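Note sheet for the following structure.
The values are calculated or read from the model by the stated rules, or taken from the named source; none is laboratory data. A quick note: this is a predicted structure, and the numbers were derived from the prediction, not measured. So basically every Cβ, Gly included, is an ideal-geometry build from the backbone, and we count neighbours across all protein chains shown. Surface areas here come from the heavy atoms of the whole protein model, side chains and all, with no ligands, DNA or RNA. Shrake-Rupley method; radii C 1.70, N 1.55, O 1.52, S 1.80 Å.
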Amino acid sequence: MATLEGCRCRSASARNNNSILYSILKSDSLVTAEEPQHHQQQHSQYQTLQHLLLKGSSTTSVPGSLQELRQQACSCGSTRRRGVLRSPQETCKAASAVLVKTLHFVKNVPCFCELPEGDQLMLIRSGWAPLLVLGLAQDRVDFETTETVEPSMLQRILTGVPERQSEVRAVQNRAAVGVSVVDIETIKAFLKKCWSVDISTKEYAYLKGAVLFNPDLEGLSCLHYIQALRREAHQALNEHVRLIHREDSTRFAKLLIALSMLRAISPLVVAQLFFRPVIGAVNIEEVLMEMFYGK
């Protein structure tokens with residue numbers, strides 16, 4: 001069992017009340033089993049989220065330099081097929097509710113809160129998007145999109161817009177009209193994979209633990225401890241699957257495949273698809289920090 005100097009979580013030989021993974025599982029269950037107790041708190045957090053997002057939409061601008069814009073979009077033809085939400089208000093509301101649940105989950109993992117604040121910030125920035133998409137899968141939040149087509153290079157040339165101005169405008173338009181269809185298909189493929197496997201509440205909890213404790217980030221001060229937590233999450237998931245699904249020898253592999261699919265989902269895409277259509281160009285990380293730490 002992983003330990004950390006100063007952490008109140010202690011070693012245990014079994015998945016008991018002192019287990020870090022037990023805490024993760026208990027944290028996730030707070031969202032469902034104790035929902036009546038926490039409904040008012042989550043409603044307040046949801047209102048805070050809406051306030052912060054609306055405030056941010058009036059102050060955040062589109063990236064100014066051409067280099068920054070190029071980093072957000074590829075110039076290949078595959079990115080010209082863009083997709084937007086068919087029901088942005090409804091989907092954004094559902095995604096916001098999942099985001100509040102996600103932060104509630106993270107806040108209630110005791111040994112996450114015992115980590116240095118710098119490590120916490122890095123893990124939240126790294127994990128909020130995959131945790132959100134996992135939450136969408138767990139809550140079975142589906143969404144429909146409508147495809148839009150970006151003007152081709154020939155069309156831009158024929159309009160007589162100077163090349164540099166045309167390129168800047170084109171990339172800004174991409175940000176305004178949704179995300180690449182390829183990115184949308186990646187998210188939908190992950191959701192369908194989770195639903196086809198019929199992941200249980202406990203399995204989602206262990207998957208969230210594996211996502212949250214990401215040791216692959218540079219600059220972590222408690223790297224070895226976080227590595228141990230990731231290993232423990234995988235081990236706990238494997239033990240649970242072997243106990244509950246003895247007849248399915250491939251289930252653990254299926255869950256790991258689903259987990260690996262999250263790596264292809266960009267936080268920028270998640271923010272742009274699920275939040276920007278309603279609240280504009282908001283720095284979602286600033287919103288997360290203000291919600292999580294009250295800063």
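Remarks
- 3J(HN,Hα) couplings calculated from phi for the range 183-188 with the Karplus curve 6.51 cos²θ - 1.76 cosθ + 1.60 (θ = phi - 60°) are, in sequence order, 5, 5, 5, 5, 5, 5 Hz; Gly and Pro show x.
- Residues with amide H under 5 Å from that of residue 148, placed H, sequence gap 5 or more: 82, 83, 84
- Residue 195 paired with residue 117, simple spin-label distance in nm, labels 7 Å along Cα-to-beta-carbon: 4.2 nm
- When the range 191-280 is described by a simple charge dipole with +1 on each Lys and Arg Cβ and -1 on each Asp and Glu Cβ, the residue from 272, 204, 235 located farthest towards its positive end is 272.
- Here residue 248 sits with roughly 40 square angstrom of accessible surface, probe radius 1.4 Å.
- Accessible surface ranking for 182, 270, 1.4 angstrom probe, highest first: 182, 270.
- Approximate spin-label separation residue 86-residue 246, in nm, with each point projected 7 Å along Cα-to-Cβ: 4.5 nm
- Cα-Cα over 18 Å, subset of 107/188; 93/192; 101/208; 208/254: 107/188; 93/192
- Listed residues 133, 108, 95: farthest to the positive end of the dipole of the range 90-150 (Cβ charges): 108
- Applying 0.36 nm per residue to the separation of residue 147 and residue 289 and subtracting their alpha-carbon distance, the gain on full extension is 47.8 nm.
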